[in-house]
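**Student:** Structure incoming, see below.
The values are calculated or read from the model by the stated rules, or taken from the named source; none is laboratory data. Quick caveat: nothing in here was measured; it's all calculated off a predicted structure. Here the Cβ positions follow ideal geometry from the backbone for every residue, glycine too, while neighbour counts run over all protein chains shown. Protein only, heavy atoms only, side chains kept; ligands, DNA and RNA dropped before computing areas. Shrake-Rupley method; radii C 1.70, N 1.55, O 1.52, S 1.80 Å.
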Amino acid sequence: KASTEITEFYCLPWQAPIGGRDCESCNELEECSEYTCRSLGQACQIVNAGTKDQRCVWQNPSDVNSPIIEFKEVSKGHQFKPDNSIRPPATGVIIKPNDKECIKAFFPLSFTFITNEPAQCKIDYNLTTEFEKMNFFVNGSNLFLYNHTEKLSLPGPDAINAENPELKNDGEYTLFIRCKDANGNFNQDAYSANFCVEK
């Protein structure tokens, strides 16, 4: 007895798995190239290409959630606590020295916050409705990062065109922070950092 069976083979380009669940495993390698990154998932993409902060992230096209901001630390001798005067869903903190109400004039205040995904973050004294309308990138960097540290400029006439917001004397100030992920989602309700400065 004899029988015939036809089998077809197609030599097609290999395709990466659907989604991007394994994208960030690339960041654990000694070198995470764009080729390696994209091979881990259809939705994987390199951000901050060519810099020391180059990362492979999941560019989830159905992602509609903005980055979540979490305050982590502030300059030595200072503390922060949640600002309960803000109505949800907006959130923020109040920054104070450990031993008094207001920050000493000319003190180079710095603080660090994290986001739950790589994000660009902007900061401004004015509350705007859009990310693009905010004046300053946090620490002058437009990289997509998890950790963000802002160092405020010292007051002075030569600081008018400074990259960072200028810390002014004698008054209460609120800095508004927004962060945007690689899919363009940003927090509509700005995160705020409130503090006062001595004369």
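**Student:** Relative contact order for the range 1-155: what is it in percent, counting Cα pairs under 8 Å that are at least 6 residues apart?
**Tutor:** 17
**Student:** Follow-up question, since we're still on this one. Before I look further, what does the chain give for accessible area per residue, probe 1.4 Å, in whole square angstrom?
**Tutor:** Accessible area per residue, the chain: 63 Å².
**Student:** Another question about this same structure. Chymotrypsin sites (Phe, Trp or Tyr not before Pro) within the range 1-66: which are DSSP loop residues with at most 16 other Cβ atoms inside 10 Å?
**Tutor:** Passing both the DSSP loop test and the Cβ count: Phe9, Tyr10, Trp14.
**Student:** Sticking with this structure for a sec: Once the Cβ-Cβ distance between Lys104 and Thr36 is put in as r, and R0 is 45 Å, what FRET efficiency do you end up with, to the nearest 0.05?
**Tutor:** About 0.40, to the nearest 0.05.
**Student:** Between Lys81 and Asp63, what is the label-point separation in nm under the 7 Å Cα-to-beta-carbon projection?
**Tutor:** About 3.5 nm separates the two model spin labels.
**Student:** What is the Rg over Rh value, at two decimals, for the range 46-124, using alpha-carbon atoms and the Kirkwood definition of Rh?
**Tutor:** Using Cα coordinates only, the ratio equals 1.06.
**Student:** Quick one: what are the phi-derived ³J(HN,Hα) couplings along the range 67-76, Karplus 6.51/-1.76/1.60 with θ = phi - 60°, whole Hz, x for glycine and proline?
**Tutor:** Once rounded to whole Hz, the list reads x, 8, 9, 9, 5, 10, 7, 9, 3, 4.
**Student:** Also, I was wondering about something else. Express in nm, to one decimal, how much length is gained between Asp53 and Glu5 on full extension, taking 0.36 nm for each residue of separation and deducting their alpha carbon distance.
**Tutor:** 11.8 nm
**Student:** Now for a different question. Taking H placed 1.01 Å from N in the peptide plane, check which residues at least 5 places from Asn116 or on another chain put their amide H under 5 Å from its amide H.
**Tutor:** Residues meeting the criterion, in which the H sits 1.01 Å from N, are Ile68.
**Student:** Which shape class applies to the chain: rounded if a/c is under 1.5, otherwise prolate when a/b exceeds b/c and oblate if not, where a ≥ b ≥ c are the square roots of the Cα gyration tensor eigenvalues?
**Tutor:** prolate
**Student:** Using the basic label-point model (7 angstrom from Cα toward the beta carbon), what is the Glu73 to Asn116 distance in nanometres?
**Tutor:** Spacing of the two 7 Å Cα→Cβ label points: 2.3 nm.
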